[in-house]
Amino acid sequence: MKLSNLMKNTTQWLRNEGENADIVLANRIRLARNIPHFPFVSKMSEEKSVQLESFVKEKLDRVLPMDQYNYFILNDLSETDLHFLSERHLISKEHVRGEGRRSVTFSLDEKFSIMINEEDHLRLQVIFTQDEAQSSWKKLEDLIDQLEAIVDFSFDRRFGYLTACPTNAGTGLRVSTMLHLPALQMTNQMGKIYQAADAVNLVIRGFFGEGTAGMGDFFQVSNQITLGKNEKELIQTVESVVPQILKYERSVRNKMLKSDRGRIEEHCHKALTTIKEESEISFRESLRLLSAIRLGVNLELIPDVGIKKINEGLIQSHDSHLKKSTKGHLGDDETWEMIRARFLQNLFTN
């Protein structure tokens, strides 16, 4: 399969539907596992990384229906392709920057992905919409059980599953929800969300997760530690806090509409006008503009624009997606900021 074929679909991260789709973009559960007798990835030689990748691939072939999965060795991909996969949240930024033999396999619908030789030997993740939470966790749990039947994972009776980063030890599980919180950001109330999350050992990160800041009012909420609680408890902790954030965001949106509707309407429509008129738009600016338009659509201030179109723009306006769509070619005196501006203009005029 060619990676360019993925361009035809909106990534699974942004297909969320349902009553909370105005704020919740997607949810993710990720498990970290390591294999005894192999050093952690940061201490692994090139030879060992090749051996581990080959070992894991053979095990995955035994438990996965490979006709329903794509498999790529990252070392064989171009820089653009690597960032393309990262933009779709199929691999992490650390996986892009890594050394040694690295690979990824992901399902055709992009819901499941397994990174090999990222920070840990294996990083398994499932991305799901709200109504798929239980079924998605069950599938991930079944997959890890099948692997554990044929692979020994590094485990300590006291500390649980051992991981490269001590904060992941225990279950090795991270639960995260991606949220769109423009009202809280506009009213400078995100600080309260950070404090409330920290009180229950949750952490707020940016659009691309760990080590990234919020851009375009998009944030990820995830558990901060994995030791001392089982998987269901960690999932429930995140699930119990997210509804409170949704309630707070909606409350602030409603107050803004009542007290300053004109300003909010101007803010949202100005973003749409900017996209239609600007000849160059940076990626950071595109997220800010799309965030404002998304808010306007959800508040019914901007008619005739669908959330699906906005979500498509959130992914397709990334640098590597633009490079894939143009096969990496720029015309005379063209910039990627110009290509992005034209893409967004076409998106909102068709």
Which residues qualify? For Ile35, with a placed amide H closer than 5 Å and at least 5 residues away or on another chain, they are His121, Ser154
When only C-alpha pairs under 8 Å and at least 6 residues apart count, what is the relative contact order of the stretch 78-129, in percent?
25
Binned at 5 Å starting from 0, the alpha-carbon pair-distance distribution of the stretch 1-101 in whole percents comes out as 2, 9, 16, 19, 22, 15, 9, 5, 2, 1
Along Cα→Cβ, 7 Å out, is where each label goes; now give me the distance between the ones at Gln195 and Arg250 in nm to one decimal.
2.5
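Can you pull out the chymotrypsin sites (Phe, Trp or Tyr not before Pro) in the stretch 1-86 that DSSP calls coil and that have at most 14 other Cβ atoms within 10 Å? Can you show the working numbers first?
Details: sites: Trp13, Phe40, Phe55, Tyr69, Tyr71, Phe72, Phe84; in loops: Phe40.
Answer in residue order: no site qualifies.
For the chain, return all DSSP H helices satisfying: extent of Cα atoms along own axis at least 15 Å; mean Kyte-Doolittle hydropathy at least -1.0. Mind dumping the intermediate values first?
On the way: long enough: 46-63 (26 Å, -0.88); 133-148 (22 Å, -0.85); 231-277 (49 Å, -0.81); 283-298 (22 Å, 0.38); 336-349 (20 Å, 0.02).
Flagged H segments are 46-63, 133-148, 231-277, 283-298, 336-349.
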At R0 = 35 Å the Cβ-Cβ FRET efficiency linking Ser135 and Leu330, nearest 0.05, sits at 0.20
Length released on extending from His269 to Tyr71, taking residue separation times 0.36 nm less the Cα-Cα span
67.0 nm
Rounded Å value of the spacing that divides the Cα centres of the stretch 19-98 and the stretch 328-345:
31
Quotient of C-alpha Rg and 2.2 N^0.38 Å, computed over the stretch 260-349
1.10
With labels modelled as points extended 7 Å from the Cα through the Cβ direction, what inter-label distance (nm, one decimal) is found for Lys59 paired with Glu239?
2.8
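Using a Förster distance of 30 Å, how high is the FRET efficiency between Arg284 and Ser78, based on the Cβ-Cβ distance and rounded to 0.05?
Working: r = 24 Å, r/R0 = 0.79.
Working from the Cβ atoms, E equals 0.80.
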Filter on Lys270/Lys309; Lys111/Lys323; Lys139/Lys232; Lys111/Lys138 - keep pairs with C-alpha separation over 22 Å
Lys111/Lys323
Longest DSSP-loop-exposure-free segment, trypsin sites (Lys or Arg not before Pro), the chain, at most 11 other Cβ within 10 Å:
159-326
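Taking every pair of Cα atoms in the chain, average 1/r, invert it to obtain the Kirkwood radius, and report Rg/Rh to two decimals. Mind showing how you got there, number by number?
Values: Rg = 20.9 Å, Rh = 21.3 Å.
Ratio value, two decimals: 0.98.
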Quick one: net charge around Ser279, please, counting Lys, Arg +1 and Asp, Glu -1 for every other residue with C-beta under 10 Å from its C-beta.
-3
P(r) tail fraction, the stretch 49-102 - alpha-carbon pairs more than 19 Å apart, %:
34
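Bear in mind that the values in this text are calculations on the coordinates, not laboratory data. Owing to the predicted nature of the structure, the values given are computational and were not obtained by experimental measurement. Don't worry about glycine lacking a Cβ; one is built from the backbone with ideal geometry, like all the others, and counts go over all protein chains shown.
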